[in-house]
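These notes concern the structure reproduced below.
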Amino acid sequence: MSVPVLTIDGPSGAGKGTVSRAVAKKLGWNYLDSGSIYRSLAIASIKQNADLDSPSEVVKVAESLHLEFECGDELIVKLEGEDITSQLGSEQTGSVASKIAAIPEVRLVLLQKQKDFKQFPGLVADGRDMGTVVFPDAKYKVYLTASAGERAERRYKQLIEKGIDVNLQKIREEIEERDRRDSERETAPLAMAADAFYIDSSDLTLDAVIQEVLNLVR
């Protein structure tokens, strides 16, 4: 009997993480946040002063990457035992992660690290290429998206609530730039799997999206 896998792919800010964690919790399955792996590698690369324009240097950091995921109400990510969760959401981390995620050699190293999360009773994996590259044979696939304007609004509200002073237009421009970079990269570009279930969350509540995904699995 094979381990059931649900992949939830989509662009930055579509709500993949929140939906995936909630679904994993309700199903009692394991959870993989692939974005956190790339973001953690970005933090490790910055900490080690790796030359981000040198694939071999970033690959070296990736090979020695030691991560732990603790998935309760919130995801806790530990790098070499240090809780780096609060650093994952920064714009610098996201920007660096997007850059190094475009390096084929880095993706190859991290591919196996991601596959190792596939364990019973099941796995919910969220990211950009979970259903197309990492788990192409997944039983259930979802492509979750929302308009760039809606995603920018959500990100803006999140940051304002945290007391971070930000510019809405700048956030939207960064989201559109990241979408472009993720879609145009040569290795594993952001794309919807042919057999994925499409959900546009622009006008849906979080609970409605979670229910749609659970209905698909059940």
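The values are calculated or read from the model by the stated rules, or taken from the named source; none is laboratory data. From a predicted model like this one, the values you see are computed outputs, not experimental measurements. Note that each Cβ is placed from the backbone with ideal geometry, even for glycine, and that neighbours are counted across all protein chains shown.
Counting only residues that are surrounded by fewer than 22 Cβ atoms within 10 Å (Cβ to Cβ) and modelled with pLDDT of 95 or more, which one in the stretch 1-22 is nearest to residue 145 (Cα to Cα)?
Among residues in the stretch 1-22 that are surrounded by fewer than 22 Cβ atoms within 10 Å (Cβ to Cβ) and modelled with pLDDT of 95 or more, the one nearest to residue 145 (Cα to Cα) is 4.
So, in the stretch 179-194, of the ones that are surrounded by fewer than 17 Cβ atoms within 10 Å (Cβ to Cβ) and modelled with pLDDT under 85, which residue ends up farthest from residue 7 (Cα to Cα)?
Step by step, filter the stretch 179-194, then rank; the result is 186.
Which one of these is outside any helix (DSSP H, G or I) and surrounded by fewer than 20 Cβ atoms within 10 Å (Cβ to Cβ): 60, 25, 78? Write out each step before concluding.
Details: 60 fails: outside any helix (DSSP H, G or I); 25 fails: outside any helix (DSSP H, G or I).
After ruling out the rest, the residue left standing is 78.
List every residue pair whose Cβ atoms sit under 7 Å apart, with the two residues 6 or more apart in sequence or on different chains, where the first one lies in the stretch 51-74 and is in contact (Cβ under 8 Å) with a residue 24 or more places away in the chain and the second, anywhere, is of a type in the set (D, E, K, R) and assigned to a helix (DSSP H, G or I).
Taking only residues 6 or more apart or on different chains, the pairs are 52/99; 55/105; 59/105; 71/21.
This table checks each residue for (1) of a type in the set (A, V, I, L, M); (2) modelled with pLDDT under 95.
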position: 108; (1), (2): yes, yes
position: 117; (1), (2): no, yes
position: 123; (1), (2): yes, no
position: 128; (1), (2): no, yes
position: 131; (1), (2): no, no
position: 142; (1), (2): yes, no
position: 146; (1), (2): yes, no
position: 164; (1), (2): yes, yes
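So which residues in the stretch 81-101 are closer than 17 Å to residue 61 by Cα, assigned to a loop (DSSP other than H, G, I, E, B) and under 14 Å from the mean Cα position of the chain (by Cα), if there are any at all?
Residue satisfying the conditions is 101 alone.
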